[in-house]
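The block underneath contains the structure these notes are about, expressed in structure tokens.
The values are calculated or read from the model by the stated rules, or taken from the named source; none is laboratory data. What you see is a predicted model; the values in this text were computed from it and never measured. Cβ placement follows ideal geometry from the backbone for every residue including glycine, while neighbour counts extend to all protein chains displayed.
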Amino acid sequence: MSKVLVIGCGGVASVAIHKCCQVSDVFTELCIASRTKSKCDALAEKLAPTTKTKITTAQVDADDVNQLIALIKSYQPDLVMNIALPYQDLTIMDACLACGVNYMDTANYEPENTDDPAWRAIYEKRCKEAGFSAYFDYSWQWAYKKKFEDAGLTALLGCGFDPGVTQAYCAYAAKHEFDTIDTIDILDCNGGDHGYAFATNFNPEINLREVSAPGSYMENGRWVEIPAMSIKREYDFDQVGKKDMYLLHHEEIESLGKNFPDVKRIRFFMTFGQSYLDHMRCLEDVGMLSTTPINYNGQEIVPIQFLKALLPDPASLGPRTKGKTNIGCIFTGTKDGQPKTYYIYNVCDHQACYREVGSQAISYTTGVPAMCGALMMLTGQWTKPGVYTVEEFNPDPFLDALDKYGLPRSENRAPALVD
Ligand code: NDP
């Protein structure tokens with residue numbers, strides 16, 4: 001029996017809300033609050049006849065802590081699920097602390113305005129000290145650890161698929177499959193085709209920033225940074241086939257490096273088609289990925305935001321997308337003194353997701369873990385005061401919930417390795 005406030009009503013939130021409504025005995029009451037209330041109302045209206053969960057809606061600007069506090073005080077939720085954008089992570093954490101409510105999200109903080117001099121100074125210091133230059137990192141949210149501990153509240157960070165399930169796979173491998181883990185390769189393959197020459201599968205601004213940043217991986221506890229898209233491999237994915245994949249910086253490498261300090265190398269690869277890469281390079285070359293505002297005919301325009309307005313809404317890709325995703329982790333290490341390899345992954349079918357919840361698999365593979373993470377928190381299985389990432393909790397009930405609610409695991413004990 002619990003009351004949950006979901007902030008955001010985009011592609012991922014919509015799936016998470018659908019799934020919460022399938023578990024009405026835990027998610028008894030849900031408030032969907034976002035910037036555009038009409039989207040919340042439309043989803044509430046669609047779901048109401050199908051669920052026992054009591055759904056209400058609200059308008060909120062999650063950049064404004066006072067608005068958030070007023071909403072949380074009036075609704076009195078047990079948990080706030082932040083499924084808006086990473087830009088709002090800190091304001092929502094502040095509001096949760098002010099109101100004494102547990103918090104979770106699906107992506108770590110990054111600022112909307114990367115030209116802000118105050119943020120830039122901290123960022124440049126971090127680039128030098130830590131050795132990677134992505135705009136996002138965990139330091140901002142880890143800085144809340146003591147505040148959440150003192151308040152007796154839990155904050156769960158990055159509970160989507162990657163980050164999220166990939167870290168639960170690591171915790172599972174460490175708990176059940178290995179005595180020592182030497183290497184972790186996280187492989188994110190989207191074998192789906194939406195028929196557009198260029199579109200992003202989730203929020204274009206967040207997606208393009210991530211993909212156009214330099215790649216990096218962790219080796220012997222240190223970051224190694226490489227030019228964007230400069231390490232390419234081919235891999236033959238179960239139920240998808242051969243795909244080109246590229247080494248990217250990804251946020252879970254940072255937390256895994258901290259929580260599994262003995263692992264010698266942690267890398268992340270994502271598949272991209274040639275058309276996507278060609279378009280992205282061209283857009284970058286002409287300045288369309290810039291977050292710096294320009295003045296056009298007397299109006300201020302942020303190029304990447306303008307691009308977002310031109311591109312297909314990720315939520316609209318659902319009916320067009322065919323094919324499967326395959327996301328998982330390959331481990332090498334030892335068990336009982338013997339060398340061992342292990343691959344744990346999930347395969348998800350875009351069209352099956354669309355039939356079930358009206359979204360493609362990228363939103364589905366993020367929204368289902370968000371619901372399952374909330375389920376862990378609300379049922380008391382993942383609660384401890386402080387700020388944590390997924391690998392810091394018991395992976396077993398979470399993976400069982402994923403098996404049950406639409407993202408079952410597959411395993412391979414003799415996988416092809418990535419060189
Ligand atoms: P969308 O752009 O589809 O949705 C974002 C939602 O947040 C929209 O409903 C938007 O409202 C709302 N929003 C934005 N700004 C505000 C604000 N200031 N106040 C209130 N609401 C706001 O994004 P996605 O659903 O694709 O992504 C959601 C999150 O999931 C992101 O943080 C993304 O990084 C993360 N993600 C995580 C993955 C993982 O595996 N861990 C994978 C994919 C995404 P409006 O309708 O008005 O625009």
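A few notes on this one:
- The number of residues in the range 215-244 that are assigned to a strand (DSSP E or B) and either surrounded by 13 or more Cβ atoms within 10 Å (Cβ to Cβ) or of a type in the set (Lys, Arg) (or both) comes to 18.
- Whichever residue in the range 26-49 is assigned to a loop (DSSP other than H, G, I, E, B) and either polar (S, T, N, Q) or in contact with a helix residue (DSSP H, G or I) (Cβ under 7 Å, 6 or more places away or on another chain) (or both) and, among such residues, is farthest from residue 356 (Cα to Cα): 36
- Check on residue 286, in contact with a Lys or Arg (Cβ under 8 Å, 6 or more places away or on another chain) and either within 14 Å of the ligand (Cβ to nearest atom) or β-branched (Val, Ile, Thr) (or both): no
- Scan of the range 19-38 for residues that are within 12 Å of the ligand (Cβ to nearest atom) and surrounded by fewer than 23 Cβ atoms within 10 Å (Cβ to Cβ), ordered by number: 35, 36, 37, 38
- Here residue 152 fulfils each of the conditions (1) touching a Cys at 6+ places or on another chain (Cβ under 9 Å); (2) on the phi > 0 side of the Ramachandran plot apart from (1).
- Filter result for residue 308 (touching a strand residue (DSSP E or B) at 6+ places or on another chain (Cβ under 9 Å), charged (D, E, K, R) and in contact (Cβ under 8 Å) with a residue 12 or more places away in the chain): no
- Per the conditions (1) more than 30 Å from residue 143 (Cβ to Cβ); (2) away from the ligand (no atom under 14 Å from the Cβ); (3) assigned to a helix (DSSP H, G or I), the sole criterion not satisfied by residue 125 is (1).
Listed here are the residues, each with its yes/no results for (1) within 30 Å of residue 74 (Cα to Cα); (2) assigned to a helix (DSSP H, G or I).
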site	(1), (2)
96	yes, yes
118	no, yes
174	no, yes
189	no, no
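- Scanning the range 63-88 for residues that are touching a strand residue (DSSP E or B) at 6+ places or on another chain (Cβ under 6 Å) and among the polar types (S, T, N, Q) yields a single hit, 82.
- When the range 193-212 is filtered for residues that are away from the ligand (no atom under 14 Å from the Cβ) and of a type outside the set (Phe, Trp, Tyr), the ones remaining, listed by number, are 193, 194, 195, 197, 212.
- Count of the range 364-400 residues, restricted to those that are part of a strand (DSSP E or B) and closer than 24 Å to residue 184 by Cα, is 3.
- Of note, residue 50 does not satisfy the criterion of being more than 20 Å from residue 370 (Cα to Cα), within 11 Å of the ligand (Cβ to nearest atom), touching a residue at least 24 places away in the same chain (Cβ under 8 Å) and touching a Cys at 6+ places or on another chain (Cβ under 9 Å).
- Selection from the range 345-374 of residues that are more than 17 Å from the chain's Cα centre (by Cα) and buried (at least 24 other Cβ atoms within 10 Å of the Cβ): 350, 353
- Exactly one residue among 325, 321, 332, 291 is touching a residue at least 40 places away in the same chain (Cβ under 8 Å), under 24 Å from residue 175 (Cβ atoms) and in contact with an Asp or Glu (Cβ under 9 Å, 6 or more places away or on another chain), and that residue is 332.
- Residue that is nearest to residue 47 (Cα to Cα), among those in the range 1-18 that are part of a helix (DSSP H, G or I) and more than 6 Å from the ligand (Cβ to nearest atom): 18
- Residue 291 satisfies every condition listed in (1) in contact with a helix residue (DSSP H, G or I) (Cβ under 9 Å, 6 or more places away or on another chain); (2) polar (S, T, N, Q); (3) assigned to a strand (DSSP E or B) except (3).
- Any hit, the range 192-201, residues being at pLDDT below 95, under 18 Å from the mean Cα position of the chain (by Cα) and within 23 Å of residue 133 (Cα to Cα): yes
- Residue within the range 152-165 that is more than 30 Å from residue 98 (Cβ to Cβ), assigned to a strand (DSSP E or B), at pLDDT 95 or above and within 16 Å of the ligand (Cβ to nearest atom) present: no
- Matching residues in the range 135-151 - criterion: being part of a loop (DSSP other than H, G, I, E, B) and away from the ligand (no atom under 16 Å from the Cβ): 143, 144
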